[in-house]
Ligand SMILES: N[C@@H](CCC(=O)N[C@@H](CS)C(=O)NCC(=O)O)C(=O)O
């Protein structure tokens with residue numbers, strides 16, 4: 001979505017994460033954390049961590065800004081990204097990896113079987129908190145769409161796919177999902193992903 005928002009195209013290489021290609025050489029020599037995405041720069045350096053990659057791309061291709069036009073706006077964006085990461089992304093991922101995704105992930109990382117329900121509850125609490133925070137606002141940072149919204153959108157979407165659906169009583173977030181889902185960057189990326197299946 002970051003690339004599509006900016007109208008930037010880059011060369012892509014498909015890695016079969018479902019079958020664990022990302023956890024083996026040669027991918028591990030690019031990203032020792034064994035996760036996607038990774039961005040190889042022209043000088044051979046490799047960046048990993050999706051938010052870091054997005055911020056790097058935002059610096060290279062500043063329009064439209066996904067972090068902000070000044071230090072204060074960028075700080076506010078980073079604050080929301082961190083909150084989405086801590087309150088939604090991390091517990092959701094653990095809930096998935098330690099529960100429904102256990103068969104896939106137990107050979108890849110330390111899993112804590114039997115704890116997924118607790119993590120799923122933490123995720124629901126986090127989403128409830130965002131439901132309150134989003135009241136009266138179009139986006140997390142107010143009236144400007146930022147990477148924080150893309151991250152929240154992507155994780156709520158992931159939750160819908162891995163058995164942690166958004167509680168429909170979170171109406172403000174449901175409306176946010178519709179708004180974000182209507183963006184050309186969202187419809188196009190969904191189309192691109194469906195072609196990979
Ligand atoms: N903190 C990393 C997390 C990346 C992540 O969870 N990537 C998934 C995307 S499919 C992945 O590689 N999953 C397969 C695996 O962990 O083996 C980031 O934000 O880039």
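Any read-out appearing in this document is the output of simple, stated calculations on the displayed coordinates, not a laboratory observation. Since the structure is predicted, the reported quantities are computational estimates derived from the model, not experimental observations. We place every Cβ from the backbone using ideal geometry, glycine too, and count neighbours over all the protein chains shown.
If R₀ is 22 angstrom, what is the calculated FRET efficiency for the pair residue 192 and residue 61, using the beta carbon separation as r and rounding to 0.05? Here the calculated transfer efficiency is 0.75. Summarised as an ellipsoid, the chain has semi-axes of 25, 24, 15 Å, derived from the eigenvalues of the Cα gyration tensor scaled by 5 and square-rooted, with the largest first.
Legend: ranking of residues 193, 53 from fewest to most surrounding C-beta atoms inside 10 Å; resulting order 193, 53. Take the Cα of residue 158, step 7 Å along the line toward its Cβ, and report every residue of the range 33-62 whose backbone nitrogen sits under 18 Å from that point. Flagged as within label range: 33-39, 48-55. Which residue fluctuates the most in the chain, going by a Gaussian network model with Cα springs under 10 Å, if the choices are 28, 140, 18? Largest GNM mean-square fluctuation: 18. Highest mobility in the GNM of the chain, judged by mean-square fluctuation with C-alpha springs under 10 Å and restricted to 167, 149, 58, is found for 167. Between residue 25 and residue 169, residue separation times 0.36 nm minus the direct Cα-Cα distance comes to 47.4 nm. Each peptide in 9-15, 171-177, 90-96, 182-188 receives the mean, over its residues, of other Cβ atoms within 10 Å, and ordering these scores from highest gives 90-96, 171-177, 182-188, 9-15. Among 50, 29, 116, whose mean-square fluctuation peaks in a Gaussian network model of the chain (Cα, cutoff 10 Å)? Largest GNM mean-square fluctuation: 29. Applying 1/(1 + (r/R0)^6) with R0 = 25 Å to the Cβ-Cβ distance of residue 13 and residue 138 gives a FRET efficiency near 0.10. For residue 73 and residue 85, the difference between the fully extended length at 0.36 nm per residue and the C-alpha to C-alpha distance is 2.5 nm. By the count of other C-beta atoms within 10 Å, a proxy for reagent exposure, 139, 155 are ordered fewest to most as 139, 155.
Built from the Cα atoms of the range 3-55, the convex hull projects on average onto 4.1 nm², one quarter of its surface area. Estimated purely from DSSP H runs of n ≥ 4, each contributing -39500 (n - 2.57), the mean residue ellipticity at 222 nm for the chain is -15500 deg cm²/dmol once divided by its residues.
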